[in-house]
Amino acid sequence: MFDNLTDRLTQTLRGISGKARLSEENVSAALRDVRMALLEADVALPVVKDFISQVRSKALGTVVSSALNPGEAFVKIVHTELVKVMGEANDALDLNTTPPAIILMAGLQGAGKTTTVAKLARFLIEGRLGAKKKVAVVSADVYRPAAIDQLQTLAAEVGAHFIHSTPDEKPLDIGKRAVVEAKKVLADVLLVDTAGRLAIDAAMMAEIRDLQASLSPIETLFVVDAMTGQDAANTAKAFNDALVLTGVVLAKADGDARGGAALSVRAITGKPIKFLGMGEKTDALEPFHPDRLASRILGMGDMLSLIEEAQRKVDKRSAQKLARKIQHGQKFDLEDFREQLKQMSNMGGMTNMMDKIPGMSALPANAQSKIDDGMFKKMAVIIDSMTAHERHFPDLISGSRKQRIAKGSGTHIPDVNRLLKQHKQMQKMMKKMSKKGGMQKMLRTLQAARPAAGVRR
Amino acid sequence: MSEAEVKNDKGFWRRLKAGLGKTRSQLATGVGNLLLGEREISEDVLDDLETSLLLTDVGVSTTKEVMDALRLRVSRKELNNTAALHGALAKLLKELLAPLVRPFEIRKDRPFIIFFVGVNGVGKTTTIGKLARRLTAEGLSVLLAAGDTFRAAAVEQLKVWGERNEIPVIAQASGADSASVVFDAIKAAQARKVDVVLADTAGRLQDKTNLMEELKKIHRVVNRFDANAPHEVILVLDAGIGQNAISQAKAFIEAVDVSGFVLTKLDGSAKAGVIFAIAAELKKMGLTKPVYFIGVGERVEDLRPFDAGDFVDALLANE
């Protein structure tokens, strides 16, 4: 999401690195670019002004140590300030109360509240926040047609207990009834979805204020669209004034929006951003880590999120099987390759992984866009069109076999050739890894690729 | 809707003004009353004006273009006081939006097929519901195609709008191929001699290549059926969205040749100044695409034809 901002800052900072020291002149030039980039990224103007002045004073006051060149020193300052604006560390959900812990959702129309409820339910049910939880959900959206049906469908999908409500009921009555039912079914957590509302609609704001007063939820989350413009700050402030917000969810953060809303909302309300919505599926919810996001903004990648995601999604058994196989010097055949492709798509595909890998933002945009998840699907289909024998012994695949495989998979012979070539390369790499010390060598190369400045942990 | 319908009818002009209230107060408080009086134009005045434009999501480059034009005229002494500056600004902004004004009309083709596209949560389904009511009131027969087969209960949501307007909704099960739903709908419209088909599609972020491909496929299917179809492709834009709206406009134009826009949620505190940036972008691309409607409230009647003059006046109005 922060790709464009990353490009911009990377360029600006590239300009400054190599200068002898941080002078008033070159800092100002970089800061003008930073200001422009932040505004184009929809960061609220007051936040931009504060941010720029903080960075300026830090940058000019800094004695550049001999260990860092001026560019690195500047990156570090910008990074530190970005982290500061977005909140120092990840604030987890607070569910420490007599069950059910009630979480109330609030936000504008179309921000993504209902989808976030489903994602959050799944997050808690799967035990991504400590122990696995029993989650109940209820919709107090009696206005939007079929909003309640939407939540019911999603609840069934993620395995949450759905508490029925109807458009004839008052939101307040729905809330009260839901608490009773959640207790009855021994739910650990009750998620309460609400109708989207405008911050300037006094009647609707009064409604949700009453709902909050009646439920006294331990968490009230404000859901904001990551694409929001300057209004993000105003709206967040209005909701924060009307309700006691405890946190923010940044929805639709997987788009190409520069996501300045994240910076604005945090700075204006003082409330932590707790989650990012990163896709349409119900598992696409990620805890918000300000330092990681700041790293991403500055083009340092987000390896930690990637590793966590890999741990969660990669099927451990099949991964271990493959590891054993390779250790024993066995061949990496097409069946294994097929398995690898499956694991990759489990992780949301290549495009999802792309912006988390350090250095990726340095790739030209057109090269990045060429990486297409459809490609991997095609490769899998080609392998599926082979016989088991062919998968184990790819060398057998002759011209006529290729023709059959291409036909069967709806591809062309060059596609089949490409796949076989890629498999050969993978095989070679695996062979290297299986040699003694091969893995360590590879990890060292990876380590070296990580930029040093500003990355803690 | 009951809640919204009880709200007193303020009339369109006041509703738009109230809707853009925040925008206007940004301009009014930021630049303050200086735009009202006939005072000297200082550098501070210009700076404040620039800030105000940025705060309404006009965007860095379009703001710069507007300010450069104004500064030039100030330096030439063509604008001598803040009142003149106010007038010049209004004129400039109206000129920017002028190419975006074209009334929406259902042309002769039958069935007249209209596609609704956009990112998630902008209000596509709601806009379809409101437009269906409007067209029905004009005496046209309308059919809805539930092409959003992805989002949970999107079909049900459209069905509610169908019931409210007493018009048929063609739908398949959730997860069905949306191209086939739209195809069915067109077939049904032909058989029933329906005038207009309003086709809903699932919301999609414009950088998701596979989802944009899916949209192109729906477009192709309809196009194969009638070379002129779809007769309109409407991109629904949320007034609250910032500079990303430009990227949305570009991507959807490229994918499915958007023919016009609807700007929703203008009754909130969002400013929709990004429409000026979109206008500038379209001009650069050599395209003219109208904003057909703006949404200024939750009621069916709150979907209004776009009027650039009213829009700018409401934006710059004096208290």
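The values are calculated or read from the model by the stated rules, or taken from the named source; none is laboratory data. On a predicted model such as this, the values are computed, not experimentally measured, just so you know. Every residue, glycine among them, receives a Cβ derived from its backbone with ideal geometry; neighbour counts consider all protein chains shown.
Every test in (1) closer than 27 Å to B:Ala229 by Cβ; (2) among the charged types (D, E, K, R); (3) assigned to a loop (DSSP other than H, G, I, E, B) is passed by B:Glu78 save one, and that test is (1). Restricting the range B:175-192 to residues that are among the small types (Gly, Ala, Ser) and out of contact with any strand residue (DSSP E or B) (no Cβ under 6 Å at 6 or more places or on another chain) leaves a set whose member that is farthest from the other protein chains (Cβ to nearest Cβ) is B:Ala191. For the range A:38-47, filtered to residues that are at the interface with chain B (Cβ under 9 Å from one of its Cβ atoms) and touching a Lys or Arg at 6+ places or on another chain (Cβ under 9 Å), the residue that is farthest from B:Thr51 (Cα to Cα) is A:Ala41. Only one of the listed residues (B:Val256, B:Val222, B:Val236, B:Val262) is within 11 Å of chain A (Cβ to nearest Cβ) and buried (at least 20 other Cβ atoms within 10 Å of the Cβ). That residue is B:Val236.
Could you list, in sequence order, the residues of the range B:162-174 that are under 22 Å from A:Ala155 (Cβ atoms) and within 11 Å of chain A (Cβ to nearest Cβ)?
Within the range B:162-174, the first condition is being under 22 Å from A:Ala155 (Cβ atoms), and the residues that meet it are B:171, B:173-174.
Selection gives B:Ser174 alone.
Remark: pairs (first residue in the range B:37-62, more than 10 Å from chain A (Cβ to nearest Cβ) and touching a residue at least 40 places away in the same chain (Cβ under 8 Å); second residue hydrophobic (A, V, I, L, M, F, W, C) and part of a helix (DSSP H, G or I); Cβ separation under 6 Å; 6+ apart in sequence or on different chains) = B:Glu38/B:Ala83; B:Ile41/B:Val74; B:Ile41/B:Leu85; B:Val45/B:Leu34; B:Thr62/B:Phe276; B:Thr62/B:Ala277; B:Thr62/B:Ala280.
Of all residues in the range B:144-166, those that are of a type in the set (D, E, K, R) have Cβ atoms under 6 Å from Cβ atoms of residues that are modelled with pLDDT of 90 or more and assigned to a helix (DSSP H, G or I), 6 or more apart or on another chain, in B:Asp148/B:Ala154; B:Glu156/A:Asp149.
Of all residues in the range A:180-190, those that are surrounded by 14 or more Cβ atoms within 10 Å (Cβ to Cβ) and more than 31 Å from the chain's Cα centre (by Cα) total 2.
Looking at the range A:165-176, which of its residues are under 16 Å from A:Ala155 (Cβ atoms) and not hydrophobic (A, V, I, L, M, F, W, C)? Within the range A:165-176, A:Ser165, A:Thr166 meet the criteria.
Report yes if A:Lys170 is in the same structural domain as A:Ala30 (by TED's automatic domain parsing) and of a type in the set (D, E, K, R), otherwise no. No. Among the residues making up the range B:147-161, those that are within 11 Å of chain A (Cβ to nearest Cβ) and either aliphatic (A, V, I, L, M) or surrounded by fewer than 23 Cβ atoms within 10 Å (Cβ to Cβ) (or both) are B:Phe150, B:Arg151, B:Ala152, B:Ala153, B:Ala154, B:Val155, B:Glu156, B:Leu158, B:Lys159, B:Val160. The selection criterion, being more than 12 Å from chain A (Cβ to nearest Cβ) and crowded, with 24+ Cβ neighbours inside 10 Å, holds for B:Leu198.
The criterion of being more than 14 Å from chain B (Cβ to nearest Cβ), crowded, with 24+ Cβ neighbours inside 10 Å and either closer than 19 Å to B:Arg151 by Cα or of a type outside the set (A, V, I, L, M, F, W, C) (or both) does not hold for A:Leu151.
For (1) more than 14 Å from chain B (Cβ to nearest Cβ); (2) over 26 Å from A:Val47 (Cα atoms); (3) touching an Asp or Glu at 6+ places or on another chain (Cβ under 7 Å), each residue gets a yes or a no:
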{"site": "A:Asp173", "(1), (2), (3)": "yes, yes, no"}
{"site": "A:Val179", "(1), (2), (3)": "yes, yes, no"}
{"site": "A:Ala202", "(1), (2), (3)": "no, yes, no"}
{"site": "A:Met205", "(1), (2), (3)": "no, no, no"}
{"site": "A:Ile218", "(1), (2), (3)": "yes, yes, yes"}
{"site": "A:Met227", "(1), (2), (3)": "no, no, no"}
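I'd like to check something: does the range B:66-74 contain any residue that is within 14 Å of another protein chain (Cβ to nearest Cβ), in a helix (DSSP H, G or I) and over 21 Å from the mean Cα position of the chain (by Cα)?
Yes, because at least one residue in the range B:66-74 is within 14 Å of another protein chain (Cβ to nearest Cβ), in a helix (DSSP H, G or I) and over 21 Å from the mean Cα position of the chain (by Cα).
Selection of helices (runs of 4 or more DSSP H) fully inside the range A:199-283 by the criterion of at least 2 residues being out of contact with any helix residue (DSSP H, G or I) (no Cβ under 9 Å at 6 or more places or on another chain) returns A:202-215. Highlighted here are the strands (runs of 3 or more DSSP E) found entirely within the range B:93-209 that include at least 3 residues which are in contact with a Leu (Cβ under 6 Å, 6 or more places away or on another chain): B:142-147, B:196-201. Screening B:Ser52, B:Ser42, B:Ser2 for residues that are within 12 Å of B:Leu316 (Cα to Cα), of a type in the set (Gly, Ala, Ser) and at pLDDT below 90 leaves exactly one candidate, B:Ser52. I'd like to check something: does the range B:191-208 contain any residue that is without any contact (Cβ under 8 Å) to a residue 40 or more places away in the chain and of a type in the set (Lys, Arg)? Yes; the residues of the range B:191-208 include at least one that is without any contact (Cβ under 8 Å) to a residue 40 or more places away in the chain and of a type in the set (Lys, Arg).
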